[in-house]
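In what follows, a single structure is set out as structure tokens and then discussed.
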Amino acid sequence: MKFPLSSVLGLLVSTVALGAADPPARTGPKFPDPAPPVVTPRREGPAPAAQDHPDVTFHAAPKPLPARATTSDWPSFLGPTHNMVSPETALLQEFPRDGLRPVWEIKKGEGFAAPAIAGDRLVLFHRVGDNEVVDCLRPRDGKRLWQFAYPSAYRDRYGFNSGPRASPVIAAGRVFTFGAEGRLHCLDLDSGQVLWRRELLAEFGLKQDFFGVASTPLVEGDRLIINLGVPGGPCVAAFDTRTGQLAWGAGTTWGPSYASPVPATIHGRRRVFVFAGGESKPPTGGLLCLDPLTGQVDFTFPWRGTRYESVNAASPVVVGHQVFIAECYGAGGALLDLLADGTARPAWKNPTFGMHFMSAIHQDGFLYGVHGHGPNDADLVCVDLKTGRERWRAQPTWQEKIESARGPRDLTVGTFRSSLLHVDGRALCLGEFGHLLWLDLSPDGYRERSRTWLFAATETWTPPVLSHGLLYVCQNTRGSLRNEPTRLLCYDLRATE
């Protein structure tokens with residue numbers, strides 16, 4: 001996602017107050033379900049056989065997984081722990097001098113959605129022509145297992161690409177996709193059969209937001225939780241994963257944002273954090289903490305930049321019994337202490353530590369994130385989790401030699417609006433122009449351990465996906481040096497024994 005508003009000066013939020021917590025026995029308003037869907041029973045039979053995909057190029061098989069490797073699936077946006085922290089180990093720590101070579105690649109349509117992976121299924125959600133397409137591929141070689149498509153007429157208001165922003169979610173043998181026009185589908189993971197579908201924008205009377213629908217749903221138990229943002233409520237809605245029916249609605253004021261709901265266990269109770277936002281006439285939004293089973297709201301915390309073209313787009317980061325939220329249009333970042341009685345209080349606020357759409361990561365008592373709109377004002381920043389004080393700020397840049405029509409020349413590039421993934425004791429950094437770096441992060445600064453250039457393309461804003469030692473990266477624009485098409489690429493990141 002891109003929010004092209006960096007030319008306008010941000011204004012500080014004048015006041016940010018914590019909303020009162022609802023008493024445990026209090027319930028919110030009841031919202032009717034405007035159009036419960038029809039459920040199609042799952043057809044029994046063998047799963048489709050893997051076939052060659054016409055848009056996939058296979059390059060070379062990956063190395064065997066080291067015996068010592070820890071691996072995981074990547075079933076949803078932000079990874080298996082919903083915080084851009086991966087448990088994987090035994091990864092390649094130095095990139096080859098001639099660069100990482102892809103295992104396979106597929107020509108990708110429009111969109112910024114990251115793939116989701118569970119077992120031997122990889123789900124890619126993108127737009128090809130006038131259709132939103134769900135491709136189910138084999139993660140190790142890109143062979144097609146099934147495909148599902150439906151028409152889309154969405155056009156980005158600001159002229160950026162018109163594909164889906166919300167990533168697919170895999171849970172309990174099902175795939176959930178939420179398209180740019182609010183079309184919600186539940187598909188069978190094995191076959192691609194549609195089990196139920198909904199037209200949420202039409203059903204709930206919603207209008208297109210700045211960049212269409214972009215908040216990835218969260219599956220929590222048998223609830224599919226979405227920051228729906230209906231005027232007058234519900235702000236957050238939960239749908240039964242089996243039937244698609246509305247299970248509960250919560251909140252009456254804030255609209256939809258581009259951040260995704262995040263789950264956590266707080267003082268022994270399961271909770272979901274939703275950073276809401278919506279349109280900005282006037283700009284409003286903030287954090288809701290709620291019970292995923294009932295929709296009961298524990299507390300709300302208003303947090304939004306004051307200027308018109310502002311958004312809340314970075315997902316909350318939960319650390320222990322604290323939660324960090326951030327935006328980059330004036331308010332910046334804030335850390336809340338989550339109390340045992342279900343309320344919360346601000347621990348600190350820092351107006352110069354605000355994420356745009358990337359998520360901060362936590363490591364050993366410090367937060368690391370990219371502050372600013374970018375690209376030129378996007379700084380890598382370290383903040384003390386306890387105090388909110390900045391420890392350091394840097395903008396990693398370097399020179400690349402490229403061939404141009406006028407001969408070789410030096411080009412200044414950097415990480416800029418990058419994504420951070422904490423894995424195997426380091427940070428994997430995907431820069432917005434296609435660079436991949438291993439970084440050592442500490443309160444004293446960052447150290448670049450290895451760097452490679454995967455491709456020369458802009459808008460590399462989709463976070464990387466890591467599963468079973470394979471790295472998946474979305475190239476969202478055509479290559480600026482070699483004119484490669486938009487692609488999803490799979491790289492071998494496995495270490496050797």
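Laboratory data are not the source of any read-out in this text; all were calculated from the coordinates shown. Remember, it's a predicted structure, so these values are computed and weren't measured experimentally. Every residue, glycine among them, receives a Cβ derived from its backbone with ideal geometry; neighbour counts consider all protein chains shown.
Please pull out the direction-averaged projected area of segment 373-460, using the convex hull of its alpha-carbon atoms, in nm² to one decimal place. List each step's numbers first, then the result.
Working: hull surface 26.4 nm².
It is 6.6 nm².
Measuring how big segment 24-92 is from its alpha-carbon positions, Rg and Dmax come out at 21.7, 59 Å. The residue 442 and residue 70 beta-carbon pair, evaluated with R₀ = 25 Å, returns a calculated FRET efficiency of approximately 0.60. With the alpha-carbon atoms of segment 189-267 aligned to their principal axes, the span from lowest to highest coordinate is 38, 37, 22 Å, starting with the largest.
Put a plus charge on the Cβ of each Lys and Arg, a minus charge on the Cβ of each Asp and Glu, and nothing anywhere else: the dipole of segment 34-184 about its Cα centre is then about 140 debye.
Please identify every one of the trypsin sites (Lys or Arg not before Pro) in segment 195-304 that sits in a loop by DSSP and has no more than 11 other beta carbons within 10 Å of its own beta carbon. The partial results should precede the final answer.
Details: sites: 197, 198, 207, 223, 242, 269, 270, 271, 304; in loops: 207, 242, 304.
Of the trypsin sites (Lys or Arg not before Pro), the ones in loops of segment 195-304 whose Cβ has at most 11 other Cβ atoms within 10 Å are 207.
Dipole size of the chain about its Cα centre, with +1 on Lys/Arg Cβ and -1 on Asp/Glu Cβ: approximately 220 debye, rounded to the nearest 20. Measuring r between the beta carbons of residue 403 and residue 270 and using R0 = 45 Å, the FRET efficiency lands at 0.25. Plainly put, the chain has a radius of gyration that is 0.95 times its Kirkwood radius, both from alpha-carbon atoms, as the Rg/Rh ratio.
Where the centroid of each part is defined by its Cα atoms, how far is segment 162-190 from segment 436-467 in Å? That distance is 28 Å.
Dipole size in debye (nearest 20) for segment 99-254 around its Cα centre, Lys and Arg Cβ +1, Asp and Glu Cβ -1? List each step's numbers first, then the result.
Details: 19 positive and 17 negative charges, 68 e Å.
Using Cβ point charges on Lys, Arg, Asp and Glu, segment 99-254 gives about 320 debye.
Here's the picture: a label point sits 7 Å out from the Cα of residue 60 along the beta-carbon direction, and within segment 447-471 the residues with their amide nitrogen under 18 Å of it are 452-455, 469-471. Checking the cross-link filter: which lysines have an alpha carbon closer than 29 Å to that of residue 143, excluding same-chain neighbours under 8 positions apart? Answer for residue 143, where 29 Å is the Cα cut-off: 63, 107, 108, listed by chain and number.
Note the per residue figure in Å³ for the convex hull of the C-alpha positions in segment 319-436. If you can, show how the numbers build up before the last one.
On the way: hull volume 13.2 nm³, N = 118.
Value for segment 319-436: 112 Å³ per residue.
Dividing the summed -39500 (n - 2.57) terms of all DSSP H runs of n ≥ 4 by the residue count of the chain sets its mean residue ellipticity at 222 nm at 0 deg cm²/dmol.
Between residue 194 and residue 44, what is 0.36 nm times their sequence separation minus the Cα-Cα distance? Round to one decimal in nm.
Contour length minus the Cα-Cα distance gives 52.7 nm.
Each residue, residue 450 and residue 391, gets one label point 7 Å from its Cα in the Cβ direction; the gap between the two is 2.4 nm.
What percent do you get for the relative contact order of the chain when only Cα pairs under 8 Å and 6+ apart count?
Numbers: 1399 pairs, mean separation 78.4, N = 497.
Answer for the chain is 16 percent.
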